[in-house]
Structure formats: structure tokens, C-alpha cells
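Below you'll find the structure, written out as C-alpha cells, and then a few comments.
Quick note: the coordinates plus some simple rules give every number you see, no bench work behind them. Because the structure is predicted, anything quoted here is derived from the model rather than measured. Neighbour counts run over all protein chains shown; Cβ positions are idealised from the backbone, glycine included.
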Amino acid sequence: MSRFSTEPDLFRQEIASYISDNCSAELRGIPAGRREVCWGGKRFRFSSDAQRDWMNAAAAVGLTAPRWPEAYGGAGLSREQEKIFREEMRKAKAPSPLESFGLWMLGPALLAFGTEEQKTHFLPQITRGEIRWCQGYSEPGAGSDLASVQTRAEDKGDHWLVNGSKIWTSYANHADWIFALVRTDREAPKHKGISFMLIDMESEGVSTKPIKLISGMSPFCETFFDNVKVPKSYGEGISSIVGEQNRGWDVAKHLLTHERTMIGGGGGGGILGGRSLGDFLNSLEDGVMDDPVIRSEAMELEIDSLAMAMTMERYGDMAKAGGVGNASAMLKYYGTELNKRRYELLMSAGGAYATEWDGPFGSTAPEWLRTKANSIEGGTSEVMLDIISKRVLELPSK
Amino acid sequence: MTTLMLTEDETMLRDAARGFLDGAAPVRNLRENRDQGRAFDTGLWKEMAQMGWAGVLVSEDNGGSDMGHRAAGILAEEMGQTLVASPFISSAVIAATALRNAASDRLAGIADGSLLYALAVDEGAKHGPAKTAMSAEKSGNAFRLSGRKTFVADGASADRVLVLARTAGSAGETEGLTLFDLDASRAGISRSAKNTVDSRDFAQIDFDGVEATGDDVVGEVDGGHAAIARALNAGQAALSAELTGLSAGAFAMTAGYLKERRQFDRIIGTFQALQHRAAHMWSEIEVTASAIANAGRVLDEKPDESELAVSIAKARATKTAKLVVSEGVQMHGGIGMTDEFDMGFYMKRARVGAEWLGDYGYHAARVARARGF
């Protein structure tokens, strides 16, 4: 039985009052681009007491993971209820109570591949914001060719001995645990000897080094494993490996497909402050919108963005009705290329002002630089086109 | 609003349409039509009407199947796949929508396919109803129409013509237009067929002091812009769907060729340069297909708010078709340039479809207006 009513109108009332009772006014009404994100985790510093209280209150009734079963710390909402919940959140201008790679990535992997014990152990820690996870997939020598991971885990009886390094581990310097692809069988073909392993970042031999990007930001790290002992089990039925040993590639592939389905048409930049692109561009001085080239690019971008939003809706429904499979590569390809175009246009519209790191155009410049990674991370545009041509269009390999 | 995914009924309609057209109207029918100098196959149109396609937007009371705009889009898309020439958009979509609320016995004729309509709006190289200059001089309850209409789709074969003329104001204004519904053989009307690259029926129609009365007016006098707006949106949406079907048809032909053509001892589809371009084209078609489904949905559910959705669809469909037919010819190489091969038909219809009922710029400007640019 859900904590909330199943009757839609009653449910809506209950959700609305839960939000207004528990999400402080000081958190609400801040435009999406300027909100302080609540990441949770042992080392997280809340931006305010209100942020912490909202996370705890939401977690108490499972609303940090609305669709997950209640037994694992979720709210057990149906698809329709989740929609109502999102609508009420928007109406109340309430920020998300918790964001994390645990919610986005590890949770779905555990729900699909984990044992009952793994789920009851790890998932509630995620929904309560106690443990912050990071993802360890890429390596210096394994970027687009992800399956060639070299980080190895040797079988030492009761534990694995892990050596190697990971790159592009998002916020690894703030994370408590990492889910990583490691090679557990060096003799097997490259896709077959990989396992999906859960590792405590406090283990001896784990270290991280932030990577400074062209945007000036350091959202990514290098993460090193130097003779790290990873227990084979964290308790009865709680293996440190998710899914079968040596079958981690299946888990990774499942997650990558899931990740691609989630990538949207892009928000459009903090500088818009909730305004439409048209309203924003019209508000600019120097007759930016009188420039026929900028105007024409803006119109074309608007048309493509609106059509992409419809595509996200259509594919979202298809995913719920039975999946979109490899076609999700199209969403990743198109959405990220579109986002790069959007930022090129914003930079062009801002002209000299947008070239400042923190001038009249706010953080548009670092955001613009950040978008250049969109078509690289999570599989490059070229890898997406390969997936479409080989798996969707079935063009021959030889 | 309902989902943009095909429902079970819609999937059945699409499969039935595809099954029928694959057998009854493959692309070689267009070639035969062209070679024999006819714009479309009347026997085929009769069969389509018997399946309820001509009455897709006519109420059941008036003999139609009343399946709605989404269904009309699905049918148009399937016709686009094999370049089926028919009066579907002019009669079954545009005229049926314009006359839907006019108490009209003509609707039964539209629904059974026996009465063919054409819409005469444009007077120059580019679409734009407000640009209408052709005059309909008022005198009492009568009107005298004089002027020239160009690029009238299905204009040479139509039995009746919906014509937009100016009863007040001047060219460029949306006010002061009136929509007339006239028999194409009325005295003073002369038609000349134009030889367009897509081998279909486009005509120039001259009106030389054509007499009309209040009975011939659709909607309000001076309110012609409103009387035709919804029908134009419906026609633009159906044409967008046709162009998207055309894109899918041309793309399937190209993808098939990539899988069988050998050069340099390899199947050319193994070349990554071609694979990525094919994957990009497919992505564009997918995104456009969403806009098509959305336009049909909005026309069915919120017709008064359909302008934005329709213009997104037409702009996308135009651009996607242009990409796909250009790449289609290029990837086929020399054979793509030959008349003997069908790809050229796709390219030529795509160009005409790009212009008819508003080009990319016309629809981009409508999107810009709706979105506060």
C-alpha cells in the first residue's frame, strides 16, 4: 500500500500539500538554471538548512526516487502518479530534493540486475542521500572503445585486488562509492571478461585528481586504484559484483541505453532565466535580431528544438510501451548536437559580452564550452551514428 | 493530449494503406501517368474513395469516414512513400475542411470521390494568402471576379474551385478577403495546365469578370482569411506528411542500394563515410516524423492552436525531404541521375512539395511569430 492515495485528485492534493509543507519558501521560485543542486553523500555541504530538510522530508516518503518500490526507499508511484508529482513540483517551483548518479545510473542497474540483498542494502542509502556514487567507466586508453578497459581485478580468495585508473569519473572527489567496470578475466574476449564492481572510495589505495576543463570547471576526475582490496561480499547475498561475474558489459550496455534515452533537447542556458529564446533575443540591444543570419539561425534552431521535444515525447512513450532499443542513439546524437548549436547561437547573440567569463552574459561562456563535451561523453556522436547505421539500419560491416 | 505513438487503430490503417498502395500504386504508376500525360489515375482514386480515404475528414452524416487529421496524415504519408498522385490533399483534406461547417451537399461528393476540388490562392512565385490582389467587386448581392491564380494544385482536373479574392482592402492585408466556391466551368473561367517537374496537375486559372453571388461565398464576406485558415493548416499538415513519407521512401531505396552495390570489391554500405550520412538522414526523418504526428494531433484536438504545430511540421518536412533526395541521388551515383531510375521522381516531387502551401521561409516566419521572435 502506498503512503499516498491512489485516487488521482486526492493524490494531487496530498502531494501538493506535502511539497508546500516541506519545501521551504526560500528554495522555491529560483529558475532551474540557478538552483543549488542537492547531491547528498557523506561529505556534501548543504547550501542551507532548508535544502537539507527538504531532502530528508522527501526521502522519508520516498519522493527522492518516486518510481522505485517502497521496499527500496522509493515512493512506489505509478507512471501517472509520477506525472502528477512532476506537475505539482513545477507548479510549486520546487527544486529536486536530490540528484545523484546513484538515482540516475546505479539504481536502475541494481533494479535490473541486482540481487534482492543488494537492492535492500544499497538502494535506500541512495534515496536517503547518504551515499553519493560516481561512475568509473572510461580509462585513458578506453574512451569510445569502452570495452577495452584495462583496470584489472585479481581474484584473491575472499577479495579482489584492483589496479588501474579511470578517467572522466564525474565528481569522484566528492563521491563515497564508485561503480566501475573492471577486467576480471584477462583471457576472455574483451567484452566477456568485464565485471560491474561496487567499490568504497575510502578503501586504501583509491585516490582522485580533478581534471581542469576548457570551461575552467572541474566536474571530472582521474581516479586511481593502487592495490585496492575489494571484499567479494559486503554481507549475506551482497556481492561486490552486480550481475554475473564477467558479464558486466551487459550491465554497462543496459545503462548506456538508459542514459541515452534520458538525454533531452537541452534546457537552453541559464542566461534565458526561464524566458523563451525569442523573448530573450528580442530583449538584446544592438539590434541582434535584425541581423538576418542570427535571426535565420535562431528560427531554424527553434523549429528543430520544438520538433526534438516532440521526438523526446514520442520516444518516451515508446520506451514505456516496450522500449526503443538502439534507436535511443538517435536521441543522444540529435539532442547533444542541438544543444551545441543552441550555445553557439547564444554566444553569437551575446557578441563581445558573451566572451567574458562572468560578464553581462553570466556563465554562458563556460556553459558553451561545456556543451562541447555533450557529443563526446556517454558515447561520441560518431559512435551513435555507428550504432544507428549498424544496429538500426543494418548496414553491413564488411 | 493523446500520445504521438501510433495507436493500434492507426497502425492498422497504416498497414492497410501500405499493403494496398504497394500493390496498386508503386512508383511506376507515376511514370506511366507521366508518359501518358495524365495527372493521376482515376480508377485508383475511385478505389481509394471506396476505402473511405476521400471522406477521411467528412462527417459520417455527409457520407464520410470522419477519421480525423492524424489519420489523413497517415494516409498522406503512405501515398508519399510511393509518390502516389491523387487529388487527396486538394479535395479530401483542404476542401473537406473548408466546407466542413458550410451546410453543403457537396461534401457527399467529396466523400465518395466523385467531386474534385482545387484551391486557388497564390498569384505569384510564393505562397501567401494575404498577398491576394485578385478582385471580387461587390455590387449588391453579386460579385465580379477578375484576376489570375497560379500554382493551383489539381486545378486542371478539378470540378470546382475554392478561390480567395479581395472584396476590400489591399494586397498584403488579411482583412477584406472572401472565399468563393465556384464550378470550374463557370463562364469567364479559363484554365491552362502547367508542366511542373513533378508531372502532376498544376494549373493557372484566369478569371475574367466571373459572376458570383452570396450563395457562392464560403464563410463571411471579407472574412475569407478565417474561412480558409483551418483548411490551409490541414492541407499543409497533410502535405508535410506526404513529404515525410516521400523521405522515408527515398531513404529506403538508398539504404537498400547501400546494402547491395559493390565498388572497390566492397559493399559500399560498409564505408563509414556513407554509413554516417545515412544514419544522420534517418535521424532527421525520425525527428520530422514526430512533428508530423504532432501536427495531426493538434489539428484533431486543438484546431484553433494548430498554426505553430503545422508550420513546424511543414518546415521540417521540407528540409528533411530536400536532404534525403539530394543524398539519395548522390549515393546512387550516375544511375541516380537517369530518368530510367525512380530517385529523380522523388527529388522532383520534393521540390514542388517544398513550394506548395508555403516554403521553408514562410513557415519559419510563422513559427517565429508564434514563438515571440
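Structure notes:
- Stokes-Einstein diffusion coefficient of the protein assembly as shown, Kirkwood radius over Cα pairs, 25 °C, 0.890 mPa s, in µm²/s: 84
- Given charges at beta-carbon only (K, R positive; D, E negative), |dipole| of the protein assembly as shown in Debye: 1660
- D_trans [Stokes-Einstein, Kirkwood Rh over alpha-carbon pairs] for region B:256-373, 4 °C, 1.567 mPa s, µm² s⁻¹: 81
- Helix axis angle, B:8-24 relative to chain B longest principal axis, alpha carbon, degrees: 80
- Ranked B:D35, A:D279, criterion: other C-beta atoms within 10 Å, fewest first: B:D35, A:D279
- Where N is the number of residues in region A:318-391, Cα Rg divided by 2.2 N^0.38 Å: 1.40
- Mean Cβ neighbour count within 10 Å, used as a protection proxy, ranking B:253-259, A:15-21 highest first: B:253-259, A:15-21
- Helical runs assigned H by DSSP (4 residues or longer) give chain A a calculated mean residue ellipticity at 222 nm of -12000 deg cm²/dmol, each run adding -39500 (n - 2.57) before division by the residue total.
- 3J(HN,Hα) from dihedral phi, region B:100-105, Karplus parametrisation 6.51/-1.76/1.60, rounded to Hz, x for glycine, proline: 3, 9, 7, 4, 9, 6
- Positive-end extreme of charge dipole, chain A - chosen from A:G76, A:G164, A:W39 (charges on Cβ): A:G164
- Here the Gaussian network model covers chain A, with springs between Cα atoms less than 10 Å apart; of A:R35, A:R186, A:R314, A:R314 fluctuates the most.
- Using the Karplus relation 6.51 cos²θ - 1.76 cosθ + 1.60 with θ = phi - 60°, the per-residue 3J(HN,Hα) values for region B:157-168 come to 9, 5, 7, 9, 10, 8, 10, 9, 9, 9, 9, 7 Hz, with x marking Gly and Pro.
- Prolate/oblate/rounded call for region A:1-99, Cα gyration tensor, a/c under 1.5 rounded: oblate
- For chain A, hydrophobic long helices are taken as DSSP H runs at least 30 Å long by C-alpha position along their axis with mean Kyte-Doolittle hydropathy of -1.0 or more; these are A:292-320, A:328-350.
- Three-way shape label, region B:8-115, alpha-carbon gyration tensor, a/c 1.5: oblate
- Cβ-to-Cβ counts within 10 Å put A:C134, A:C23 in ascending order as A:C23, A:C134, the fewest first.
- Against chain B, whose longest principal axis is taken from its Cα atoms, helix B:343-355 shows a tilt of about 40°.
- Charge dipole (debye, nearest 20) of chain A; +1 at Cβ of Lys and Arg, -1 at Cβ of Asp and Glu: 580
- Antiparallel beta bridges, as assigned by DSSP with both residues in the protein assembly as shown, represent about 85 percent of the total such bridges.
- Scattering profile of chain A at q = 0.08, 0.12, 0.14 Å⁻¹ [log10 I(q)/I(0), Debye over alpha-carbon scatterers]: -0.47, -1.10, -1.45
- Test item: A:376-387 mean partner chain Cβ contacts at 10 Å: 2
- Distances between placed amide hydrogens fall under 5 Å for A:I211 paired with A:F220, A:C221, A:E222, all partners being 5 or more residues away or on another chain.
- Equivalent ellipsoid of region B:90-217: semi-axes from √(5λ) of the C-alpha gyration tensor, largest first, are 21, 19, 14 Å.
- Inter-chain shielding of B:247-256 (mean C-beta neighbours from other protein chains, 10 Å cut-off): 1
- In this structure the amide hydrogen of B:S135, modeled in the peptide plane, comes within under 5 Å of the amide hydrogens of B:S146, B:R166, none closer than 5 places in sequence on its chain.
- Proximity of backbone amide H atoms, modeled 1.01 Å from N, is registered between B:T196 and B:F202 at under 5 Å, excluding neighbours fewer than 5 places apart on the same chain.
- Across region B:185-191, rounded Karplus estimates of 3J(HN,Hα) from the backbone phi angles (6.51 cos²θ - 1.76 cosθ + 1.60, θ = phi - 60°) give 9, 4, 4, x, 9, 10, 10 Hz, Gly and Pro being marked x.
- Region A:39-140: trypsin sites (Lys or Arg not before Pro) in DSSP loop, at most 14 other beta carbons within 10 Å: A:K42, A:R43, A:R45
- In a reduced charge model with +1 at each Lys and Arg Cβ and -1 at each Asp and Glu Cβ, region B:8-115 shows a dipole moment near 460 debye about its Cα centre.
- Mean-square fluctuations from a GNM of chain B, with a 10 angstrom spring cutoff on Cα atoms, peak among B:A279, B:A291, B:A350 at B:A279.
- Residue by residue along B:363-372, Cβ atoms of other protein chains within 10 Å of the local Cβ number 5 on average.
- q = 0.11 Å⁻¹, chain B: log10 I(q)/I(0) [Debye, one scatterer per Cα]: -0.73
- Order of B:R160, A:R275 under a 10 Å beta carbon neighbour criterion, fewest first: A:R275, B:R160
- When the charge dipole of region B:8-115 is built from unit charges on Cβ atoms (+1 for Lys and Arg, -1 for Asp and Glu) and taken about the Cα centre, the candidate among B:S91, B:G63, B:M51 whose Cα reaches farthest toward its positive end is B:S91.
- Among A:M299, A:M308, A:M201, the residue with the largest mean-square fluctuation in a Gaussian network model of chain A, with springs joining Cα atoms closer than 10 Å, is A:M299.
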